[in-house]
1. Any aspartates and glutamates with Cα under 19 Å of the residue 102 Cα? List them, leaving off those in the same chain fewer than 8 positions away.
2. Could you give the nm distance between label points at residue 60 and residue 102, where each point is 7 Å from its Cα heading toward the beta carbon?
3. GNM, the chain, Cα, under 10 Å: largest mean-square fluctuation among 51, 42, 87?
4. If I take every Cα pair under 8 Å that is 6 or more residues apart in the chain, average their sequence separation and divide by the length, what percent do I get for the relative contact order?
5. With a cut-off of 18 Å, note down the residues of the range 81-103 whose backbone N falls inside the zone around a label point 7 Å from the Cα of residue 70 toward its beta carbon.
6. Report the Rg/Rh value for the range 3-99, based on alpha-carbon coordinates and the Kirkwood definition of Rh.
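Values quoted throughout were computed directly from the atomic coordinates according to the rules given, and no laboratory measurement underlies them. This structure is a prediction, so every number in the text was calculated from the model and none was measured. Every residue, glycine among them, receives a Cβ derived from its backbone with ideal geometry; neighbour counts consider all protein chains shown.
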Amino acid sequence: MPKITIMPHPELCPQGAVLDAPKGQNICRILLDNHIDLEHACELSCACTTCHVVVREGFSSLEAADDNEEDMLDKAWGLSSTSRLSCQAIVQDADLTVEIPKYTVNHASEKH
């Protein structure tokens with residue numbers, strides 16, 4: 001089974017973590033199932049950017065983001081070339097290393 005290495009995040013995962021990552025599951029659900037409370041304001045429906053992550057290793061193993069995800073990512077804080085919405089990034093066969101950005105932008109609650 002693939003693994004996801006979560007880089008340390010001061011609030012959500014201070015020590016970092018290595019998680020089992022069932023193939024076919026999205027990154028956000030894996031984090032939530034392992035008590036890493038990543039914000040997901042739209043309930044995993046690709047309608048916000050609060051579950052934005054940066055995939056530091058294994059990015060090429062993920063299927064390409066669709067146009068809707070790309071449009072949403074344009075609004076994310078700290079966008080990088082390996083950014084994904086974790087609710088849309090489906091684990092394949094490769095291990096991943098994921099960074100949770102320091103900030104998120106919640107367009108609904110922050111009136112952007």
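1. 11, 37, 39, 57, 74, 110
2. Going by the 7 Å Cα→Cβ label model, 3.0 nm.
3. Maximum among the listed residues: 42.
4. 36
5. 81-86, 88-90
6. Ratio of gyration radius to Kirkwood radius: 0.92.
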